[in-house]
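To start, the structure itself, in structure tokens.
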Amino acid sequence: MTGETPEESDVHVAIVGADRDAEFSAFVEHAGAHLGRTAWLLCGDVHRAEELVQQALIRTYMAWPRARETDPLAYSRRVLANLRIDSWRKHRREVLTSPDEMPDGFARSGADQHADRDMLVRALRELSPQRRRVVVLRYLMDLPEEDVARDLRISVGTVKSTASRGLAQLRTLMGDTDTSYREPIEPNMPTAGR
């Protein structure tokens, strides 16, 4: 898993005109690393992440005709998030692994980077499962709010409020008290008191 985000258009271009198995194989080749990174960020355990990706790919393959009509990567992410929710409901306890056990594709040199990542993983563990999913998909996977809402089957407003509360909780947990860098208010949006 390299952590590279596949371009969704690349996935669509690579699968046009091939049979079902070849299309799906091309999709897995392009999206496998992305799904693996997403799964790891959702659960924090390499082995569980691999299992989640395998299960998500099986379900995506079973529904391939429907998944390929729109966006197979978004479909797979949604399946991945749903599988993670199902496993969380079964176990009701999350245990994230130490940064030393992270896959090679995520490790960068530098003690400071390891310490920062460890702090982030520990802080993510403290978030509720829904806040963690929204924060991971929105900010760590860099998905637009609309995609996160569609993948998790919640409203865009819920994504915005959950992301805001999740980031505020992460800032508190990580000891960041500087609020001067909060996201600017969009100019066309009315604000209270104006």
Next on the checklist: So, D116, is that one at pLDDT 80 or above, among the acidic types (D, E) and farther than 22 Å from E50 by Cβ or not?
Outcome noted: no
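Yes/no per residue for (1) at pLDDT below 90; (2) of a type in the set (V, I, T); (3) out of contact with any His (no Cβ under 7 Å at 6 or more places or on another chain):
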{"residue": "V46", "(1), (2), (3)": "yes, yes, yes"}
{"residue": "T60", "(1), (2), (3)": "no, yes, yes"}
{"residue": "W88", "(1), (2), (3)": "yes, no, yes"}
{"residue": "L96", "(1), (2), (3)": "yes, no, yes"}
Next on the checklist: Considering only residues that are within 18 Å of the chain's Cα centre (by Cα) and open to solvent by less than 10 Å² (accessible area, probe 1.4 Å), which ones fall in the range 64-82?
Outcome noted: P72, L73, A74, S76, R77, L80, A81
Item to check | Residue count, the range 1-30 (criterion: modelled with pLDDT under 90, part of a helix (DSSP H, G or I) and either under 27 Å from R122 (Cα atoms) or of a type in the set (F, W, Y) (or both)) | outcome: 0
Checklist entry - Applying the selection to the range 128-173, what residues are outside any helix (DSSP H, G or I) and surrounded by 15 or more Cβ atoms within 10 Å (Cβ to Cβ)? => result M141, L143, I154
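The values are calculated or read from the model by the stated rules, or taken from the named source; none is laboratory data. These numbers were taken from a predicted model, which means no experiment stands behind them. Every residue, glycine among them, receives a Cβ derived from its backbone with ideal geometry; neighbour counts consider all protein chains shown. We work out accessible area using only protein heavy atoms, side chains counted, and drop any ligands, DNA or RNA first. Shrake-Rupley method; radii C 1.70, N 1.55, O 1.52, S 1.80 Å.
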